[in-house]
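Trainee: A single structure is presented below for examination.
Here, each number is a calculation from the coordinates, and none is a lab measurement. In this text the structure is predicted, and so the values were computed from the model without any measurement. Cβ atoms come from the backbone with ideal geometry, glycine included; neighbour counts cover every protein chain shown.
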Amino acid sequence: MAQARQIVPGTPEVERRALAWSVVRVVATGVAMLVFYFVLPFRDVSAADTLLRLVGGIVLIAVAIGWQVRAISRSHQPLLRSVEAVGLSFWLLVIVFSIVYVSMSASNPLAFSEPLNEVGGLYFTMSILATVGFGDISAVSDAARIVVIVQIVLDLLLLGVVVRLLLGAGKAAAEARKTQP
């Protein structure tokens, strides 16, 4: 009769499983957000609705980051949880700005150098995030340029402050776990 293998916390096998599940959660979250983005309609909106989406999206990102810091501090694997939080923050930022750009383009077709559909909005958002700016799509209206500036500032904050905050919270929680009996 085969004996059941005991899984011991902290062993390499458990760490690999936790890492694998973490990757699955980040990828699944990203896929779910992309499905949400491509399925729901964002085109029949006014400029005021677009502004509400921008403000609401930024508030959602801030709340999600706050929630993630709290979740990191309570996690049994805070470093891994902090990396997941960075992934979630990345996906939220990309989807929020993609929605805003598609909405802006729908409400004002002259806001960008060409009308943006969902793929164009995602592409434009990613080119700004990656700071490559190929030049094929550009913000033309002042409102679109202001939103691009807001995205650039939030991108820098995500890269500089949020990543450091989330990873720092993970390190602090991991250290606290080591000192607990």
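Trainee: Under 8 Å by Cβ, and 6 or more places apart or on different chains, what pairs join a residue from segment 22-46 that is buried (at least 17 other Cβ atoms within 10 Å of the Cβ) with one that is assigned to a helix (DSSP H, G or I) and hydroxyl-bearing (S, T, Y)?
Mentor: Y37/S98; F42/S103; V45/S103; V45/S107
Trainee: Determine whether segment 64-86 contains at least one residue that is part of a helix (DSSP H, G or I), more than 30 Å from L116 (Cβ to Cβ), of a type in the set (V, I, T) and free of Cβ contacts under 8 Å to residues at least 40 places away in the same chain.
Mentor: No, there is no match, as no residue in segment 64-86 is part of a helix (DSSP H, G or I), more than 30 Å from L116 (Cβ to Cβ), of a type in the set (V, I, T) and free of Cβ contacts under 8 Å to residues at least 40 places away in the same chain.
Trainee: When only residues in segment 128-142 that are in contact with a helix residue (DSSP H, G or I) (Cβ under 7 Å, 6 or more places away or on another chain) and part of a helix (DSSP H, G or I) count, which is farthest from E114 (Cα to Cα)?
Mentor: L129
Trainee: Right, something else. When the residues of segment 20-47 are narrowed to those that are of a type outside the set (F, W, Y) and in a loop (DSSP other than H, G, I, E, B), which ends up nearest to the chain's Cα centre (by Cα)?
Mentor: L40
Trainee: Residues T125, T50: which one is assigned to a helix (DSSP H, G or I) and over 17 Å from the mean Cα position of the chain (by Cα)? Working first, answer last.
Mentor: Numbers: T125 fails: over 17 Å from the mean Cα position of the chain (by Cα).
None of the other options fit; the residue is T50.
Trainee: Still on this model: With S138, S105, S113 as the choices, which residue is closer than 18 Å to R43 by Cβ, without any contact (Cβ under 8 Å) to a residue 40 or more places away in the chain and not aliphatic (A, V, I, L, M)? Working first, answer last.
Mentor: On the way: S138 fails: closer than 18 Å to R43 by Cβ; S113 fails: closer than 18 Å to R43 by Cβ.
So the residue among S138, S105, S113 that is closer than 18 Å to R43 by Cβ, without any contact (Cβ under 8 Å) to a residue 40 or more places away in the chain and not aliphatic (A, V, I, L, M) is S105.
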